[in-house]
Every structure is written in C-alpha cells, then in structure tokens.
Amino acid sequence: MAWPIAEVARMSGVTARTLRHYDHIGLLPPAGTAANGHRYYEERQLLRLQQILVLRELGLGLAEIGRVLAAQVDELAALRGHHRRLLAERDRLDALAATVSRTIGELEESRKDGTAMVSINRPENLFEGIRPPQYLKTLRDFPELAAAVERHNAGLSEAGIEADQRERTAQMVRLAELLASGVPAGAEPVQAEIGRQHRTLVRIREVSAEEYRAIGRACVDNEHWRAAYESIAPGLAAYQRDAIEAYAAARMS
C-alpha cells in the first residue's frame, strides 16, 4: 500500500515541507514519485519516519539521525534501544518539571515573607534534571532554524551547550513569574524578556517578523513545545505566543 505525501503529513503530524526537506537531504527518500510529481510512501518509509521522529524526540540532530540509521542493522533491536531511551527521557522530564515547580513555589514563598530561596543555598538544585539541549525536537517544523541551531551547537563545548540550556530554562521561569504576577503579555516587563529571547535567537539565525510569529504560534500548536511550557506553569504556552505576537507587531514591523 502507498500513501501520498499529504496523507503521511496528516498521519504523522510532520508537515509536507519537512518531508520534502528530509528527502532533499537524503534522510527519507519516498518510495517513488507519481507522474504528477507527488511523492508517495510505503510501509518501509513510514517505519523509517517513525524512527526519525523518535530520535528527534530524544534530541538528536538530523545529521546524527542519518548516521544512526545508516549504521542500523536490526530494526527491532534499534526500536528496543529507542524505547529504553524514551523511558529514560520520560524520567528526566519528570525530574525537570519537579525542579521548576519547586523553584516557582520557593520564589512565591520568598516574595511573601522576604526569606531567601532554599534552592539558592544549593544552586545546583536549580538545574536538577537539565542536561544538554533536548529542544531541537521542538523545531522540527522549522528545518532551516533547526539546522542553524545544530551548527551553533557544534561550535560549543559541552559546558557551553549546558549553559545555553540553563538560560533557556531560566527564560521560561522568568516568564512564568510574570504570568503568575498577572502582567499582560504586551506589557513592558514581558516585552523586555521577549526582547532578550529574540536577541538570543538572532545570534544563531536572523528571523523575519512572520517567522517569529510562527515560532510563537508553535509554542501552542506544537504538542512537545506546549507540554514543556505547561509543565512549568498552566497557560505559559499561550502567554509566550501572545507576548511574541505583541513583540513582532511593535518592534519587528
């Protein structure tokens, strides 16, 4: 049985544009091309796409995924290995969500009574569950940006990559504090925070106002991105999206 690219995109949640990009870089050639030029995929390609998406979930870049799949001999053994890594990733995310939740609770308490945060007495507590970047999987609908991030990370040391990841987490926590305080998404404190995020992004790759808006929408529309934000604070994904929309309208038009 064969499925056209539009149907594969619908089933997998991967855009047709991304599927064409995977074909262009040799990661996922289709089974064939119809007379009208449309790509179609068969069972073997769907199984390979599943593995690609699993490996992206585990934080691997496209180049590394290509190397893993090229070296793969037994698909079943490979899937069992992916399953073990997914279970480990689930445990890591649980630890990360607990860390951020604890930090938010301590910030709230410290602001009520003026006492120091417990975590600051042991700063390493702030970073429990965090390791070098897993967030590339959230960029799967932005292949050019994902490639730029991969190139950026390739030039960093392990410590530099970890510092980047910690800063991204800190940005999310700061935004969660503003949300909890009832500050509107378009207000200056929030826009200043979004400005810092934007400057971090453009050091890696320039983005247009429309692409930045699309990234903001992905905070809600991309299930993995949304889950990351919502694990920190309910409503944070939509708050980030709205803040980016306001920033793009006011400062990038």
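The values are calculated or read from the model by the stated rules, or taken from the named source; none is laboratory data. Predicted, not measured: the structure shown is a model, and the values here were computed from it. Cβ coordinates were reconstructed from backbone atoms using ideal geometry, including for glycine residues, and neighbour counts include every protein chain displayed. Only protein heavy atoms, including side chains, enter the accessible area calculation; ligands, DNA and RNA are left aside. Shrake-Rupley method; radii C 1.70, N 1.55, O 1.52, S 1.80 Å.
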Legend entry - Checklist (1) open to solvent by less than 30 Å² (accessible area, probe 1.4 Å); (2) under 28 Å from residue 15 (Cα atoms) applied to residue 160, failing item: (2)
Inset, instruction - Report the residue count in region 226-251 for those that are in contact with a Lys or Arg (Cβ under 9 Å, 6 or more places away or on another chain) and over 20 Å from residue 182 (Cα atoms). - result: 2
Legend entry - Near pairs, Cβ below 9 angstrom, 6+ apart or cross-chain, from region 46-67 (at positive phi) to any residue that is in a helix (DSSP H, G or I) and crowded, with 18+ Cβ neighbours inside 10 Å: 59/136; 59/137
Legend entry - Unmet criterion (only one of (1) assigned to a helix (DSSP H, G or I); (2) open to solvent by 30 Å² or more (accessible area, probe 1.4 Å); (3) at pLDDT below 75) for residue 73: (1)
Inset, instruction - Answer with yes or no whether residue 205 is open to solvent by 20 Å² or more (accessible area, probe 1.4 Å), basic (Lys, Arg) and over 17 Å from residue 144 (Cβ atoms). - result: no
Inset, instruction - Can you give me the ranges of the helices (runs of 4 or more DSSP H) entirely in region 135-253 with at least 1 residues that are in contact with a Leu (Cβ under 7 Å, 6 or more places away or on another chain)? - result: 143-154, 158-180, 188-202, 223-230, 236-251
Legend entry - Matching option when the condition is at pLDDT below 90, open to solvent by 30 Å² or more (accessible area, probe 1.4 Å) and not polar (S, T, N, Q), among 238, 180, 250, 233: 180
